[in-house]
Every structure is written in structure tokens, then in C-alpha cells.
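See structure below.
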Amino acid sequence: LPLNYCSEVKPLQASEKISPLPKFSFDGKEIEFLPGETIMQAAERAGLTEAIPRFCYHPGLPVAGTCRMCTVEIEKTPKLQTACSTPAAQGMVVKSANERVNKSHKGVMEFLLTNHPLDCPVCDQAGECELQDYNYDYGPNDSRFEEDKRVFEKATTRALSDKIMLNMNRCVNCERCVRFEENVTETFDLLMLNRGWKKELTVSDEEKGLSSDYQGCLADICPVGALTFRDFRFQKRVWFLEKKPSLCDGCSKGCNIEVHHEKNIAYR
């Protein structure tokens, strides 16, 4: 079976086929999995991508398990487990939508929203923001936070390069961007400073900034509006744009791309 994520688990060759494949129960549905796959990976291959919310997990990046948004309940396991890092096992019974799991999702969302600026009306990520979507799905409907929000005054609009802008106040510390720079481009341009309340994303070299040719991917994989394209800022709301497949003309390789346009004007 072809896999659509970066993993040490490779597609089984003809001589390595296992018959029958082991199975586990996911919300009452039997799912086959390959040995070594996590609950998240098996659920994705079964077409259940939307069943498990996530911030730090991305199919093309190594597993981190830091956001705690993908927790599920496993029968006979006392505590909730992260679906992105827990290996699937034969006969395992997994529940992703009961009251206990939903309470966990709601709690994670409440913590993330305590310091988030909630500036959706002026944020370019509005309309395709995972924080917006999960708040609609899991809540909370109101806030109990009465203290002042944490504010990174020097990083509200900080240019990391001529292509990427950072708004650290919107960051949810998923570290997708850091892992992309470490494991995909191997340029190590980004890192996280400090811990806890003062944790902040920054460039490793202030003078050089971002150096990778693939830095546009950072804005694509960011689940919120922390990293955005400078040339697309405040240009167009995404729900007005149509998506059409096309080819990149940067070189002779002809990579597949998407063109987002309105009235024959390409915006990104």
C-alpha cells in the first residue's frame, strides 16, 4: 500500500506481504495496519484523517507529540494516549470521540486560546486555520481567562526573510517549522528559545535569516497564522479564491503546484 507520509514504515513488497494484516478497533470500525504504524498513521490510511485533531503532527515530518491535541482513549489504558506516537496493536480498542476525549480536546484548546490574539478579522490564515476549525468543533464557547495575554511586542510582525513574516503571538508552539528546517531542508534556520510561557520561535542567525529555497513550505505547514507569505499579506480572503492544478516554471523539472486565483488574477 502506498504511504502518503514520511515514516520509517515502508510499503510492503510482494515478498513481504502479511496476510491477513493485523487489525484494531477505531470508534467501532475495524482498521488494518502495517507493523510499526501508529494509530494516527493507520487512521489516515483508512481515510479517517479528520477523525483525530492535531497541531504538531504532520504526515511529512517526524513525530513530536507535543501539542496533546490528538489524544485518544485506549481500552484498558488508564490515561489518554497521543495517537501520533502510540503504536497500533492487534485487538486494540481506540475511541476518539467520547466525552473523556472531547473534554481533553476542549482543555487543550482553552489553554491555546488564553494567549492567542484572536485577530481573525485581519489574519491571512482565516478561512483555512486549524485553530479556527478546532475551536468550532471542540470549543470552548467562552473564556475563563481574566489575566493579561502574553505579548511578544518585538515579534508581532517580524520579517524572517524577504518571503516569510512571523507573528509570534499567534504561534501555538507546534514546532512543525523547526522540524521542517531540521529534517527536510537540513538548514537549521529556526529554533525555539526558552520554555513554557516565554517559549519563542526565532531564527538561528539574525543576519542571514531564512536561507532555504523551500521556506515557502513553512507558511503552508503552519497550522495557524504565525508564519505567512509576505507577498500575500492582506491581498485576498482565501474563500474568494479558486484552486487549479498547474506546473511550476522555475526549472525544467515541472513540479506540480496549485494556483489560487480569482477573476484570472493569480494571488498565490
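The values are calculated or read from the model by the stated rules, or taken from the named source; none is laboratory data. Note that this is a predicted model, so its numbers are computed, not measured. Counting neighbours? That spans all protein chains shown, and the Cβs are built from the backbone with ideal geometry, glycine included. All accessible areas refer to the heavy atoms of the entire protein, side chains included, with ligands and DNA or RNA removed. Shrake-Rupley method; radii C 1.70, N 1.55, O 1.52, S 1.80 Å.
Only protein atoms count toward the accessible area here, which uses a 1.4 Å probe; on the range 218-268, the carbon and sulfur part of that area reaches 51 percent. The ellipsoid equivalent to the alpha-carbon distribution of the range 104-230 has semi-axes of 26, 15, 14 angstrom, derived from the gyration tensor eigenvalues as √(5λ) and listed largest first.
In this structure the chain gives 59 Å² per residue of accessible area when probed at 1.4 Å with all protein chains present. The accessible-area ordering, largest first, of the residues D142, D213 stands as D213, D142, per a 1.4 angstrom probe. Look at the dipole of the range 82-174 built from charges on Cβ: of S85, N173, Q125, the Cα furthest out on the positive end belongs to S85. With the cut-off at under 15 Å, measuring from each backbone N in the range 82-101 to a point 7 Å along the Cα-to-Cβ line of K23 picks out 89-94.
Assuming a viscosity of 1.002 mPa s and a temperature of 20 °C, what translational diffusion coefficient in µm² per second does Stokes-Einstein assign to the range 33-116, Rh being the Kirkwood radius over Cα pairs?
The calculation lands on 162 µm²/s.
Distances between placed amide hydrogens fall under 5 Å for T38 paired with A88, all partners being 5 or more residues away or on another chain. Note on A97/E32: beta-carbon distance plugged into 1/(1 + (r/R0)^6) with R0 of 22 Å gives a FRET efficiency of 0.60.
Solvent-accessible surface (1.4 Å probe) assigned to I221 amounts to roughly 20 Å².
Can you give me the orientation-averaged projected area of the convex hull built on the Cα atoms of the chain, in nm²?
Approximately 17.3 nm², given one-decimal rounding.
GNM remark for the chain: springs join alpha carbons under 10 Å apart, and the peak mean-square fluctuation among K244, K95, K79 falls on K244. Residue by residue, the range 76-93 carries 3J(HN,Hα) couplings of 6, 10, x, 9, 5, 10, 7, 5, 6, 10, 8, x, 6, 9, 4, x, 4, 10 Hz when phi is fed to the Karplus relation 6.51 cos²θ - 1.76 cosθ + 1.60 (θ = phi - 60°); x denotes Gly or Pro.
Rounded to the nearest 500, what is the chain's calculated 222 nm mean residue ellipticity when only DSSP H runs of at least 4 contribute -39500 (n - 2.57) each, over all residues? About -5000 deg cm²/dmol. Net charge dipole, the range 63-124: roughly 340 debye, given to the nearest 20, about the Cα centre with Cβ charges of +1 for Lys and Arg and -1 for Asp and Glu. According to the calculation over all Cα-Cα pairs in the range 89-159, the P(r) per 5 Å bin from zero is 3, 13, 19, 20, 18, 11, 7, 5, 3, 2, 0 %. Taking N141, N167, N183 as the candidate residues, the one with maximal mean-square fluctuation in a Gaussian network model of the chain, Cα springs under 10 Å, is N141. The figure for R150 is an accessible area of roughly 30 square angstrom, using a 1.4 Å probe on the protein chains alone. Our estimate of slack between K106 and Y136, defined as 0.36 nm per intervening residue step minus the Cα-Cα distance, is 9.8 nm. Just checking the listed ones, G196, G127, G216: in the Gaussian network model of the chain with Cα springs under 10 Å, the one fluctuating most is G196.
Place a +1 charge on the Cβ of each Lys and Arg in the chain and a -1 charge on the Cβ of each Asp and Glu, then give the dipole magnitude about the Cα centre in debye, rounded to the nearest 20.
Numbers: 35 positive and 40 negative charges, 65 e Å.
Computed charge dipole of the chain: roughly 320 debye.
Between T71 and A83, the built amide H atoms are under 5 Å apart, and every one of these is 5 or more places off in sequence or on another chain.
Close amide H partners of M92, meaning residues 5 or more places away or on another chain with modelled amide H under 5 Å apart, are S25.
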